[in-house]
1. Taking only segment 217-231 into account, find how many residues are at pLDDT below 95 and either under 17 Å from ILE266 (Cβ atoms) or assigned to a helix (DSSP H, G or I) (or both).
2. Every residue in segment 354-385 that is β-branched (Val, Ile, Thr) and open to solvent by less than 30 Å² (accessible area, probe 1.4 Å), please.
3. Say we look at segment 242-252 and pick out the residues that are open to solvent by less than 70 Å² (accessible area, probe 1.4 Å) and in a loop (DSSP other than H, G, I, E, B); which of these is farthest from GLY193 (Cα to Cα)?
4. Of all residues in segment 147-162, which are surrounded by 15 or more Cβ atoms within 10 Å (Cβ to Cβ), of a type in the set (D, E, K, R) and over 23 Å from the mean Cα position of the chain (by Cα)?
5. So, of the residues in segment 386-419 that are touching a residue at least 12 places away in the same chain (Cβ under 8 Å), surrounded by fewer than 16 Cβ atoms within 10 Å (Cβ to Cβ) and within 21 Å of MET223 (Cβ to Cβ), which turns out to be nearest to the chain's Cα centre (by Cα)?
6. What is the residue count in segment 40-55 for residues that are closer than 29 Å to GLU248 by Cα and either open to solvent by 20 Å² or more (accessible area, probe 1.4 Å) or of a type in the set (Val, Ile, Thr) (or both)?
7. Does segment 290-307 include one or more residues that are in contact with a Leu (Cβ under 8 Å, 6 or more places away or on another chain) and of a type in the set (Lys, Arg)?
8. Among the listed residues VAL206, VAL174, identify the single one that is within 30 Å of LEU350 (Cβ to Cβ) and of a type in the set (A, V, I, L, M, F, W, C).
Amino acid sequence: RGGAVPMSGNQTISRIPFDQALDAFEPVLGLETHVELGTASKMFCGCPTEFGGAPNTQVCPVCLGLPGSLPVVNAMAVESTIRMGLALHCNIASWCRFARKNYFYPDMPKDYQISQYDEPLCFDGYLDVVVATDDGPREFRVEIERVHMEEDTGKLTHTGGDTGRIHGADYSLVDYNRAGIPLIEIVTKPIVGAGALAPLVARAYVTELRDLMRSLEVSDVRMDQGSLRCDVNVSLAPAGEPWGTRSETKNVNSLRSVERAVRFEIERQAAVLSGGERVVQETRHFHEDTGETTPGRSKEHAEDYRYFPEPDLVPVAPSEAWIEELRATLPEVPSARRARLRDEWGISDLEMQTLVNAEALELVAATITTGVDQGAARKWWTGEFTRIANEQGVALEDLAVTPAHIARVEALIADGSLTDKLARAVFEGVLAGEGDVDEVIAARGLVVVGDDSTLMAAIEQALADQPDVAEKIRGGKVQAAGAIVGAVMKATKGQADAAKVRTLLLAHLGVEE
């Protein structure tokens, strides 16, 4: 039976278990992904686009919409959009226009946004994604409706209240630095047939899209900084019936949250429909802390943005020759690169999928280029560092450790200067900000105790402390050697080579393995 999710104001949202929801209804997805381009200047003016500048310092008359100012199209933004469209197997329009999208809201100072309406630059494409299932990897083709250019809006900060949203706030602050940054919107066609895999398909699509944008070097696609944002549309209907009313969860800003938003909306809408009520067409807000969505504003009726052609900009008409020149610049797509690296490294599809799921592939590849064995590179990134990143709640790439650090540690392990245990202590220091590898080793005194006389002294002391264990070893119970090795490791503060200690111990007692 359905459960209930607490909301603010002591309200609740009913939902039913995911599997039960899928028994009764078919989900239909639609994803609208916004990508801020990494151009040096804004879409229609020369203002800088660096993230993190002091509020309202990266503005000019054009992006502030002051009277008499005229926009000029950023040629690099157009080029980047065409390359994106080609990588998504889109058709490229031979002629298209910008349009004014009129609305009155303080995040756009001129009260309209320059966008593209019925004439996008790129249209009718697709992106293939792979999701893991109990029966092995399964490929889905996500069809692309359009890829169009527009300018980003400013950023509002609502102060006061408990939610950080405008309702209940005491006042709002606006920063126009982001207003006018080139923004590309990638809109999918309805995604049908995913069934219970719908949340995974949504996450896989945004992940693949992000990796594709990185390979094209058109954006840093940092979801935590807002340069990649996703609007998640979900609707449900009984099998074989027309699609239901959709909800639109706005500005979801992590891969995990895309998956969670889809799952939550399926459970919520299933409860609404099962209760004999109707789903309201509305925008919704996703809450990272709870994984829930709450209502935003109603979209029962299509909003009239009064689109009309932008009178201050000439049409964009890329030539076929230019399009082909740009096609020749496309890099190896992520899916092909993964297949190549899988074969080069001699790993299985499952092992490659593990790297992808951990978001460790690029870090492993970068580590291998420093000369580290692929097995060691995978061990560190998907083992120790993934664990630490999960504990800290940060992305793997945001940890302080780098491929160069791993290369240095592996070199020291190879020449006997470090053991695996000491290496972990070194990385602990690096991650704590104590310096680079050699600085941490020096500060912590992490030196392997490898002198035979020192080790033999520790072994003899351990044997004297545990004479019964010594007799067991001499009697053929070689597994008992672990107790002596452990004592030596403790005496040397973990800085001895355990394998060498074991070899010296057995030789001293005249016992063979």
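The values are calculated or read from the model by the stated rules, or taken from the named source; none is laboratory data. What you see is a predicted model, and the numbers here were worked out from it, not measured in a lab. Don't worry about glycine lacking a Cβ; one is built from the backbone with ideal geometry, like all the others, and counts go over all protein chains shown. Calculation scope for accessible area: heavy atoms of the full protein, side chains included, ligands and nucleic acids excluded. Shrake-Rupley method; radii C 1.70, N 1.55, O 1.52, S 1.80 Å.
1. 3
2. VAL364, THR367, VAL372, listed by residue number.
3. So the residue we want is THR245.
4. Hits for segment 147-162 are GLU150, GLU151.
5. ALA395
6. 3
7. No; the residues of segment 290-307 include none that is in contact with a Leu (Cβ under 8 Å, 6 or more places away or on another chain) and of a type in the set (Lys, Arg).
8. It is VAL206.
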